[in-house]
Amino acid sequence: MRWLSTGLVVGMASFAFAEVGEVAFNPAADNRTPPEYRLEPHKFEYRLEPASDLPIAGVSVFRLTFPSPVECPYPENNTVHAEYYRPKGDGPFPGVIVL
């Protein structure tokens with residue numbers, strides 16, 4: 001029973017530190033994206049939850065989720081799931097996006 005109560009506290013702690021925000025997407029004015037891939041300007045919410053800490057690498061790992069701009073008939077595919085690696089300390093830091 002002690003393990004269960006510890007798990008509940010840890011689960012509640014990670015929930016308490018989740019960050020929720022809103023992003024406004026506005027395509028560039030000189031949009032060279034092919035028409036079939038263009039998105040209209042829109043706003044969407046994101047959720048960022050702590051996942052783990054990598055002290056030797058000097059980064060914190062977060063789970064990032066946000067709604068997909070393309071809806072399909074399968075609800076599980078309408079949410080984008082990603083991992084965000086945030087360096088610790090003062091920046092600036094280089095960034096990498098992997099698709």
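Side notes on the structure shown:
- For a label point 7 Å along the Cα-to-beta-carbon line of Phe17, residues of region 56-95 with backbone N under 11 Å: 60-62
- Protection-proxy order for peptides 58-70, 30-42, each taking the mean of Cβ atoms within 10 Å per residue, highest first: 58-70, 30-42
- For region 90-97, the Karplus equation 6.51 cos²θ - 1.76 cosθ + 1.60, evaluated at θ = phi - 60°, returns couplings of 7, x, x, 10, x, x, 9, 10 Hz by residue, with Gly and Pro reported as x.
- Calculated FRET value between Glu71 and Asn31, using beta carbons and R₀ = 35 Å, to 0.05: 0.95
- A full extension of the chain between Lys43 and Leu64 corresponds to an added length of 5.9 nm, given 0.36 nm per residue minus the alpha carbon distance.
- In this structure the amide hydrogen of Val80, modeled in the peptide plane, comes within under 5 Å of the amide hydrogens of Phe66, Ser68, none closer than 5 places in sequence on its chain.
Every read-out reported here was derived from the displayed coordinates using simple, explicitly stated rules and does not represent laboratory data. Computed from a prediction, not measured in an experiment: that's the story for all the values here. We place every Cβ from the backbone using ideal geometry, glycine too, and count neighbours over all the protein chains shown.
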